[in-house]
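One structure below.
What follows is calculated from the coordinates using simple rules that are stated; it is not laboratory data. Everything numeric in this text was worked out from a predicted model, so none of it was measured. Note: ideal-geometry Cβ built from the backbone for every residue, glycine included; neighbour counts use all protein chains shown.
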């Protein structure tokens with residue numbers, strides 16, 4: 001059955017539009033923030049400038065978990081550049097890197113901890129940007145222990161159940177929901193009034209863990225099944241390395257309900 005998905009770029013564009021509105025109404029701010037990065041497919045060769053006059057630092061993406069935590073102090077627009085090691089960009093006379101960035105993350109005011117999701121553009125933009133970046137606040141206040149939260153970047157609406165609790169997953173970041181022990185989760189896509197099973201998997205959390213359920217676009221246009229990644233983080237990992245301590249890559253063939 002033919003059907004269409006809303007392009008992911010609309011979702012990302014909306015995120016940037018909100019950031020642009022904030023930037024237009026407020027004076028430039030300096031931020032001091034901790035961030036981690038993640039992408040559906042590993043990205044190599046990116047770096048950022050941690051602070052004014054600092055040398056560029058390489059960003060290391062992991063295929064099965066969020067990156068280590070990085071600290072950034074600077075303007076509200078966090079720039080990422082190509083080049084590592086001897087090919088890293090060098091700060092200019094003002095202490096800033098003047099090379100054109102390939103990705104920009106617009107950091108909202110007052111936020112201290114975020115996850116950055118990178119999405120490669122189909123082709124580089126006229127200004128040289130090669131990636132869209134979605135900024136997600138992931139502090140304990142935003143995503144408490146014992147809770148899970150969805151981030152739907154697939155461009156498709158989903159519905160389903162977490163255990164016996166109905167859930168709606170529109171595009172964007174969802175509201176955290178409580179998970180006690182192991183719960184079976186089912187997702188469906190509704191097309192022309194008919195529900196098609198999109199995924200089934202288990203979520204398992206204890207009181208000292210939290211989780212992100214990331215929904216990426218299907219492998220091919222016309223499919224219902226999102227590519228799903230579940231990232232778990234424990235309180236002990238928050239206190240130590242800052243890395244997610246486990247990962248689940250979920251897939252199941254879509255079937256008609």
Checklist entry - Stokes-Einstein D for region 79-196 at 10 °C, 1.306 mPa s, Kirkwood Rh over Cα pairs, in µm²/s? => result 90 µm²/s
Checklist entry - Label residue 192 and residue 137 with points 7 Å out from Cα along Cα→Cβ: what is the distance between them in nm? => result 4.2 nm
Item to check | Calculated FRET efficiency for the pair residue 220/residue 42, C-beta based, R₀ 25 Å, to 0.05 | outcome: 0.75
Item to check | Distant alpha-carbon pairs in region 124-174 (separation over 19 angstrom), percent | outcome: 48 percent
Item to check | Approximate spin-label separation residue 165-residue 60, in nm, with each point projected 7 Å along Cα-to-Cβ | outcome: 3.6 nm
Checklist outcome for this item: Rounded to whole angstrom, the alpha-carbon centroid of region 174-214 lies from that of region 66-141 at a distance of 30 Å
